[in-house]
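Below you'll find the structure, written out as structure tokens, and then a few comments.
The values are calculated or read from the model by the stated rules, or taken from the named source; none is laboratory data. All figures in this text were calculated on a predicted structure; none of them were measured in a lab. Counting neighbours? That spans all protein chains shown, and the Cβs are built from the backbone with ideal geometry, glycine included.
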Amino acid sequence: MGHLIELVKLNTLVFGDLPTQYKTNTLEFLDRYKKTDEQVKAIRLQEIKAGMFYFLHYLDDSNWMRYSPVFVIDFKKFGNLIVLNCINLNFIPLQVRPLIFDPYIKEKDFENKNFFVKTKYEIVYKELKKFGFQWSIMEYNVAQVQKVHRISFDVVAKFLFSGHPKAKYDPAKLIQIWKKKFIEQDKRDQEMMQANIQDFYDMSGEISEKYDMLKNHVQRIQRSAKKYGGR
């Protein structure tokens, strides 16, 4: 058990259970996203780095994408497009969130302003698969990001239990999605590991036949990019 879990336990004693903290933290961070400070800092898109937490205001039809608390894994550049690969916390139950990150953030890291988690997409994917939430990785076209706040590690224990009032936290829906994804996960994982992200944004023809389980995912990305990303 690491320091992050210890902080979560302490916060639970002081501020109440996780659903209560979620409501309180969501309102607190909502106010902080209207301004900027060192803990919740409004930054330029060019300042986004892998291995850190952010809140993205994103152009998309889904509120779970439009208001995204994320952890950035990496980014890909091709043509005039930059795409962020992120863990979208909206797709992960509250009780699972700290378990994912606890092994990678030590006590000293919470006070280190220059700290970031060293990441590699394949490793993050495998770690998420241990919990059955590898499908929480989402692609973000930087051209669709309206506003971004960088989250300091010293408030991550609160940030993990927050969201946005318009992106309703629905644990029953998450479990429903999890059950469906679990049934088809082996085939989906195989497609994802062989996927080329450029294919996801290729609007020149039909979606490649090699994407069966991912077809709906690719269609959603392309609809969003056409509507909001100038593709």
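If residue 93 passes every condition in (1) modelled with pLDDT under 95; (2) surrounded by fewer than 21 Cβ atoms within 10 Å (Cβ to Cβ) but one, which one does it miss?
Looking at each condition in turn, residue 93 falls short on (1).
Just to be sure, is residue 99 surrounded by fewer than 14 Cβ atoms within 10 Å (Cβ to Cβ), at pLDDT 95 or above and in a helix (DSSP H, G or I)?
no
Among the listed residues 118, 106, identify the single one that is within 23 Å of residue 136 (Cβ to Cβ) and surrounded by fewer than 18 Cβ atoms within 10 Å (Cβ to Cβ).
Sole residue among the options that is within 23 Å of residue 136 (Cβ to Cβ) and surrounded by fewer than 18 Cβ atoms within 10 Å (Cβ to Cβ): 118.
For segment 52-73, how many residues are touching an Asp or Glu at 6+ places or on another chain (Cβ under 9 Å) and either modelled with pLDDT under 95 or more than 15 Å from residue 137 (Cβ to Cβ) (or both)? Before you say what the answer is, go through the steps one by one.
Filtering segment 52-73 down to residues touching an Asp or Glu at 6+ places or on another chain (Cβ under 9 Å) leaves 66, 68.
With the extra rule that they be either modelled with pLDDT under 95 or more than 15 Å from residue 137 (Cβ to Cβ) (or both), the set shrinks to 66.
Residues that pass the stated criteria total 1.
Taking residue 75 as the residue in question, decide whether it is out of contact with any Cys (no Cβ under 8 Å at 6 or more places or on another chain) and more than 22 Å from residue 227 (Cα to Cα).
no
Per-residue answers, yes or no, for (1) polar (S, T, N, Q); (2) under 21 Å from the mean Cα position of the chain (by Cα); (3) under 23 Å from residue 90 (Cβ atoms):
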site	(1), (2), (3)
4	no, yes, yes
17	no, no, yes
21	yes, yes, yes
24	yes, yes, yes
32	no, yes, yes
40	no, yes, yes
49	no, yes, yes
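Just to check your reading of the model, which residue among 9, 41 is closer than 23 Å to residue 106 by Cβ, of a type outside the set (Val, Ile, Thr), surrounded by fewer than 19 Cβ atoms within 10 Å (Cβ to Cβ) and touching a residue at least 24 places away in the same chain (Cβ under 8 Å)?
41
Name the residue, out of 113, 49, 106, 76, that is modelled with pLDDT under 95 and closer than 23 Å to residue 197 by Cα. Give the derivation first.
Details: 113 fails: closer than 23 Å to residue 197 by Cα; 49 fails: modelled with pLDDT under 95; 106 fails: closer than 23 Å to residue 197 by Cα.
After applying the criteria, what remains is 76.
Would you pick out the residues in segment 159-201 that are assigned to a loop (DSSP other than H, G, I, E, B), of a type outside the set (D, E, K, R) and in contact (Cβ under 8 Å) with a residue 24 or more places away in the chain?
Of everything in segment 159-201, those that are assigned to a loop (DSSP other than H, G, I, E, B), of a type outside the set (D, E, K, R) and in contact (Cβ under 8 Å) with a residue 24 or more places away in the chain turn out to be 160, 161, 162, 163, 165, 169, 201.
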